[in-house]
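Visitor: This structure is in structure tokens; I'll ask about it shortly.
The values are calculated or read from the model by the stated rules, or taken from the named source; none is laboratory data. Here the structure is a predicted model, which is why all the values come from computation and not from measurement. So basically every Cβ, Gly included, is an ideal-geometry build from the backbone, and we count neighbours across all protein chains shown. The protein model used for the area step is the full one, side chains on, heavy atoms only, and it has no ligands, DNA or RNA in it. Shrake-Rupley method; radii C 1.70, N 1.55, O 1.52, S 1.80 Å.
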Amino acid sequence: MSRTLVCFHAHPDDEALFTAGTMAKAAAQGHRVVLVVATDGGQGLAATEMGHGAELATRRMAELQASADALGVARVVHLGYADSGLDGPIPPDPPGSQRFCRADVDQAAQRLAQVLRQERADVVTTYDEVGGYGHRDHVRVHQVGALAAELAGTPRVLEATIPRDLIAGAVRWLAKVHRFPPEFDPTAFGRAFVPASAITHTIDVFDHAGAKRAAMAAHVSQATADDGDRTLAAFLRLPKPVFSMVFSREWYVQSRGPVVPPRGRWWPRAPAAAGDIFAGLPAQAPE
Ligand SMILES: [Zn+2]
């Protein structure tokens, strides 16, 4: 039966990093996939020639559409908020919009709930409660997503995340071959994302790594910088077979929905690791 997946993200490019494989897989299986972004990404880091503020936002929304096309997304929605930026003082609101981290949670949740109801969403993805690596807009996505699902009666909420043990291991390995800047604090990863034991859903997206790569590549501005390297550019430099292995899984913590029995996969060593985001749901999502 055909289901509807709504993926709620903070900025254009977050979908490529966190849920692209799951989206491409669902679309390939004939399900409807809807992508909702809270903000336009106008405060994102990018090389000067990519513009800043409104100009960068326009560019990034076009990049988002290209990414959505690569993933088989049926509809893209912008909730109308402005990017708050990663850190530092929150910039003043641009004309006609509001920084997402300052948004009223109830009002933002009403906007998202309206999409969830229209789409009769079976599953909505949000972020874990620490917002992954702690971006203030990502924390807001967690709060707004949870309330919106409650308002719309969406049967399942899956919080996109990464097992922090996996990142800590990768950083330890990387520290042997790469010299981190002195201000880099590897222990910060001990507080980012969630422990592997908290993961409830591990999705095998190996067969959809090509689509995930195309989604990342669509965010051209986010692979540029005036100096230094960007994470996205580094990912895109990986040889294709390595990319497919590194990005062969996506992880979620279910915060709302029927519990699914564990499938007993070898990774992560979690109490439950269901591999199907639609398993165990009621036959029909609420009207
Ligand atoms: Zn983001």
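Visitor: Would you be able to tell me the number of residues in segment 1-49 that are of a type in the set (Asp, Glu), open to solvent by 10 Å² or more (accessible area, probe 1.4 Å) and near the ligand (Cβ under 10 Å from one of its atoms)?
Guide: 1
Visitor: On to the next question. Listed residues Asp229, Asp207; which is under 24 Å from Lys240 (Cβ atoms), open to solvent by 60 Å² or more (accessible area, probe 1.4 Å) and without any contact (Cβ under 8 Å) to a residue 60 or more places away in the chain?
Guide: Among Asp229, Asp207, only Asp229 is under 24 Å from Lys240 (Cβ atoms), open to solvent by 60 Å² or more (accessible area, probe 1.4 Å) and without any contact (Cβ under 8 Å) to a residue 60 or more places away in the chain.
Visitor: Hey, another quick one. Only one of (1) at pLDDT below 95; (2) closer than 20 Å to Thr161 by Cβ; (3) open to solvent by less than 20 Å² (accessible area, probe 1.4 Å) is not met by Phe235, so which one is it?
Guide: (3)
Visitor: What do you reckon, is Pro163 within 22 Å of Thr200 (Cα to Cα) and at pLDDT below 95?
Guide: yes
Visitor: Which one of these does Ser84 not meet: (1) away from the ligand (no atom under 16 Å from the Cβ); (2) among the hydroxyl-bearing types (Ser, Thr, Tyr); (3) over 13 Å from the mean Cα position of the chain (by Cα)?
Guide: With respect to (1) away from the ligand (no atom under 16 Å from the Cβ); (2) among the hydroxyl-bearing types (Ser, Thr, Tyr); (3) over 13 Å from the mean Cα position of the chain (by Cα), Ser84 is out only on (1).
Visitor: Residue under question is Ser67, and the condition is that it be within 16 Å of the ligand (Cβ to nearest atom) and either surrounded by fewer than 24 Cβ atoms within 10 Å (Cβ to Cβ) or in contact (Cβ under 8 Å) with a residue 40 or more places away in the chain (or both); does it hold?
Guide: Spelling it out, Ser67 is indeed within 16 Å of the ligand (Cβ to nearest atom) and either surrounded by fewer than 24 Cβ atoms within 10 Å (Cβ to Cβ) or in contact (Cβ under 8 Å) with a residue 40 or more places away in the chain (or both).
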